[in-house]
Amino acid sequence: MDIVRIDNESRRPASDYFLKLLNSTSYGFCVVELVFGGNNRIDCVFKEVNPAFEKQTGLKELIGKSFYSLCPTGSQPWIGRIYDVIIRNKNIEFIEYFASSGKWFEISVAPFGEEGSNLAAALLSDITERKIAEETLKESKARFQALTETNADFIWETDKCGRYTYCSPQMKNLWGIEPESMLGKTMFELTPEPEKKKYIQQFDAILKTTLSFKNFESISCDSEGKQIYVETCGVPFFDYHGNLEGFRGVTRDVTIKKQQEEKLRNSELKYRSIIETANEGICQLDENLVISYVNESLLKLIGITNEEVTGKHISDFLSNEEFTKIKKRTNEIRKGNRKTFDLRFIRKDHSEITFSVNASTLNDDNGNCTGYVALATDITSRVLMEKDLKRTKKKLQTALKNANIGTWEWNLRSDELVLDRRMEGIFGLKPGTFDRKHTSFENLVHEEDVQYLNEEIKKAIAEGSTFESIYRTRPVGGKCNHILSKATITRDRKGKPVNVSGICFDITEMKEGTEKALIRLNEDLLRSNNDLQQFAYVASHDLQEPLRMVSSFTQLLQQRYADRLDDNANEYISFAVNGSRRMYELLNGLLAYSRIQSRGINLAQVDLNSVVAKVKANIKLLIEETGAVIKCGQLPAIKADESQMIQLMQNLIENAIKFRSGTPEITISSSCKNEMHIISVADNGIGIEPVYYDKIFRIFQRLHHSEYPGTGIGLAICLRIVERHGGKIWVSSKMKEGSVFSFSIPA
Ligand code: ADP
């Protein structure tokens, strides 16, 4: 440029030397003259042009040509500039693009020649390459800016100590911090205190290596204190001498990824702990059936340690038969069927365990089988139970067969009645011929029993859970069989009956046998009862005579020898007299008791009023002695044995006087209920506790041994008399207030 600079002092025509120089230089050079055109328009005319100018601009034969002639329509900014240079006498520089050559030039224009001449010289320097480089740089800067601003990651540059020299705008989005405020600070400015030291140490070690680094994980906090997990990658950059200048890199927010990883870890932990603690055995095999994992439960169940089993082939633990089964199943599983099958395993101690195995394949992302996972449930006890059940079922079938018991099932929803072959046989049908209709079954039952049977079963279905009935079959050849049917009623959850299932068997022979046995038993009983009656009668009657002898002779002994014997002997004799008297009373009572049964009953119309009158006469002395008051209402006349009625009423009235607590007051009354006369004898005596209401009617049962005389036979006689007349006897009482003895006799 110095060569062609033309200043005010050097305004003189170019020497040949300079022209030569200009012609050979690669800079374009021209001299132009400012002229006034025809229409008073300022124009410039080329006066001198060096070859480089023509080459660079691509314009040819320029000398003498005006700017407008070269470009009549286009604007002519050059002309204005040259005008300025000449008129104002100053140098100017500018950059211009020449479309004719497609190049950029830096142009220096200076006044040229004598003062007052309208000449100016221009020197062109080709800056096309620089211009392109500048444009490229601009473009690359814009690209960089666009990338850093739009990138979701935080882009940064640090000095060699890790202090930020550039922070992309993403800093604001991620941390809520202005990027400029972080310049000169390290990334650990944002790390919470407890972790800070650890990260700084780790990062310093990275910096020292001056190597690029990847995935450096750290925790930082945003402007509101929220924790953000970040991952940083960086590359070092160096100066011309190879000294580390700093790092450039990217920091990515991996909080969500971290949280997901955490979740995954937790869920893996959770599932692992479920698998570890599951009651079911779980095991994993690789595709070659080598065991890769066995959970605790399964180890316990098979009695093997983890070391003994992991890495071993499954065939090492199974019989040939079971291994063949496994191979077959795994082939099926590979075809996509999840399989459940039973597997028997023999433990080291030779005990056997049976598993129900549910197995499926483990697949990689492409769906290729990489192994198997199996869930094994110990079903040993179930298998044993099933075997047991089978045995029991067989036994039951045998028992049913031997006992000829048929089974039946009535589905209440479909009204279908299923009889087994034996039951068909019991009803005289050929096996498999019953048409399962309930109405058809009614035709198999004796017509007199159909209604009763239907009512019974209806009642059971409505109210109960079981059914039991005996009915007859329809007569075949004049003979009908007796059937015992028992069933259980099954209900749904709402209690609605859905099914009746039961058994039935022919009890004809049994029934006939039982009836015969009952008749025989009854006859035996009657016979033995008679014998007993006979014995009691004979014993009490025949014992009376020798007893009378003992009694009368001891009494004689007492009367005649009392004064000759000592006190002891007299006391013994009086014991013997009393004992024989008591025995006499008992024998008399027993005799009276057995006579009621042994003697025939003499039924006639008996007026109970006269019965009471006769009783009163019989015990007149007792009534007078005790001052007893006997009130008697109007009593009915009944069909009875009069002497037994007197015995009955006398026993009751005598007891009412005997068990008195003051002057006895006795009321005899009657009523009629359900075609029965009820006669009551009420007293105001000592009363009876309710626990003894039944006991006192049994023979020899007495409540007051020492205070009141008696044999304990009176009420037993009363019971026997009333029962012989088809009635009942009972008592009600209140202690210390009195008792009411009532008996019923058919009206
Ligand atoms: P006995 O009168 O000879 O003892 P009974 O068979 O007549 O035998 O009576 C049985 C028992 O019933 C009596 O011993 C007495 O304890 C009780 N008993 C009977 N009648 C009455 C009554 N009217 N009041 C209270 N107790 C009575």
Legend entry - Top positive-direction residue, dipole computed over segment 279-351 with Cβ charges, set 331, 346, 314: 331
Inset, instruction - List, in order, the whole-Hz ³J(HN,Hα) value for each residue of segment 414-423 obtained from phi through the Karplus relation with A = 6.51, B = -1.76, C = 1.60 and θ = phi - 60°; use x for Gly and Pro. - result: 9, 6, 9, 10, 10, 10, 7, 4, 5, 5
Inset, instruction - With unit charges on the beta carbon (Lys/Arg positive, Asp/Glu negative), name the residue among 498, 275, 613 whose Cα is farthest towards the positive pole of the charge dipole of the chain. - result: 613
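Keeping every protein chain in place, order 293, 164, 692 by accessible area at 1.4 Å, biggest value first, i.e. largest first. Provide the component values of the computation, followed by the final result.
Values: 293 50, 164 15, 692 80 Å².
Result of the area sort, largest leading: 692, 293, 164.
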Legend entry - Accessible area (Å², per residue) of the chain, counting only protein heavy atoms and a probe of 1.4 Å: 61
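To the nearest 20 Debye, how big is the dipole of segment 397-482 about its Cα centre, given +1 on the beta carbon of each Lys and Arg and -1 on that of each Asp and Glu? Walk me through the numbers before you get to the answer.
Working: 12 positive and 14 negative charges, 82 e Å.
Around 400 debye, computed over segment 397-482.
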Legend entry - Extreme residue, positive dipole direction of the chain, given options 29, 558, 173 (C-beta unit charges): 558
Inset, instruction - Sort 57, 209, 150 from largest to smallest accessible area, using a 1.4 Å probe on the heavy atoms of the protein chains. - result: 150, 209, 57
Inset, instruction - Find how much the distance from residue 114 to residue 409 grows on full extension, using 0.36 nm per residue of separation minus their present alpha carbon separation; answer in nm with one decimal. - result: 92.2 nm
Inset, instruction - Convert each backbone phi in segment 427-440 into a coupling constant with the Karplus relation 6.51 cos²θ - 1.76 cosθ + 1.60 (shift: θ = phi - 60°), then list the ³J(HN,Hα) values in order as whole Hz, x for Gly and Pro. - result: 8, x, 9, 6, x, x, 9, 6, 8, 6, 9, 4, 5, 5
Inset, instruction - For 446, 241, 541, write out the residues from largest to smallest accessible area, computed with a 1.4 angstrom probe and no ligands counted. - result: 241, 541, 446
Legend entry - Residue pairs, from the table 458/496; 300/335; 263/335; 673/695; 658/736; 639/673, whose Cα atoms sit over 22 Å apart: 300/335; 263/335; 673/695
Inset, instruction - Mind running the shape call on the chain? Use the C-alpha gyration tensor, a ≥ b ≥ c as the square roots of the eigenvalues: rounded below 1.5 for a/c, prolate if a/b tops b/c, oblate otherwise. - result: prolate
Legend entry - Long-range amide H partners of residue 491 with built H, under 5 Å: 498
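Could you please state how large a percent of the accessible area of segment 162-276 is carbon and sulfur, counting protein chains only and using a 1.4 Å probe?
On the way: 3880 of 7300 Å².
After summing per-atom areas, the C and S share lands at 53 percent.
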Legend entry - Label-to-label distance, nm, for residues given as residue 701 and residue 597 (7 Å Cα→Cβ offset): 1.7
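So how strong a dipole does the chain carry about its Cα centre when Lys and Arg Cβ are +1 and Asp and Glu Cβ are -1, to the nearest 20 debye?
Values: 100 positive and 102 negative charges, 619 e Å.
Approximately 2980 debye in magnitude.
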Inset, instruction - Between residue 16 and residue 511, with labels modelled 7 Å along Cα→Cβ, what's the label distance in nm to one decimal, could you check? - result: 16.5
Inset, instruction - Report the local net charge at residue 729: Lys and Arg +1, Asp and Glu -1, summed over other residues whose C-beta lies under 14 Å from its C-beta. - result: +3
Inset, instruction - Straight distance only, please: which aspartates and glutamates reach the Cα of residue 734 with their own Cα at less than 18 Å, same-chain residues fewer than 8 apart left out? - result: 665, 683, 689, 694
Legend entry - Tilt relative to the chain, helix 77-88 - C-alpha long axis, 0 to 90 degrees, to 10: 50
Inset, instruction - Any chance you could give the angle, 0 to 90 degrees and rounded to 10, that helix 447-463 forms with the longest Cα principal axis of the chain? - result: 50
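If we count every other residue with Cβ under 13 angstrom of residue 585's Cβ, Lys/Arg +1 and Asp/Glu -1, where does the sum land? Mind showing how you got there, number by number?
Working: positive: 548, 581, 582, 702; negative: none.
With Lys, Arg at +1 and Asp, Glu at -1, the net is +4.
Quick one: grab the alpha carbon gyration tensor of segment 671-747, order the square roots of its eigenvalues as a ≥ b ≥ c, and give me rounded if a/c is under 1.5, else prolate or oblate depending on whether a/b is larger than b/c.
Working: a/c = 2.58, a/b = 1.48, b/c = 1.75.
It is oblate, given that a/c is not under 1.5 and a/b is not larger than b/c.
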Legend entry - Between segment 576-646 and segment 722-747, the Cα center-to-center distance that results, in Å: 16
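With charges set only on the Cβ (+1 for Lys and Arg, -1 for Asp and Glu), what does the dipole of segment 121-204 come to about its Cα centre, in debye to the nearest 20?
Working: 12 positive and 15 negative charges, 38 e Å.
Approximately 180 debye in magnitude.
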Legend entry - Degrees separating the helix 642-658 axis from the principal Cα axis of the chain, which is the longest one: 70
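The values are calculated or read from the model by the stated rules, or taken from the named source; none is laboratory data. Fair warning: this is a prediction, and the values are worked out from it, not measured in the lab. Neighbour counts run over all protein chains shown; Cβ positions are idealised from the backbone, glycine included. Side chains included, ligands, DNA and RNA excluded: accessible areas come from the protein's heavy atoms. Shrake-Rupley method; radii C 1.70, N 1.55, O 1.52, S 1.80 Å.
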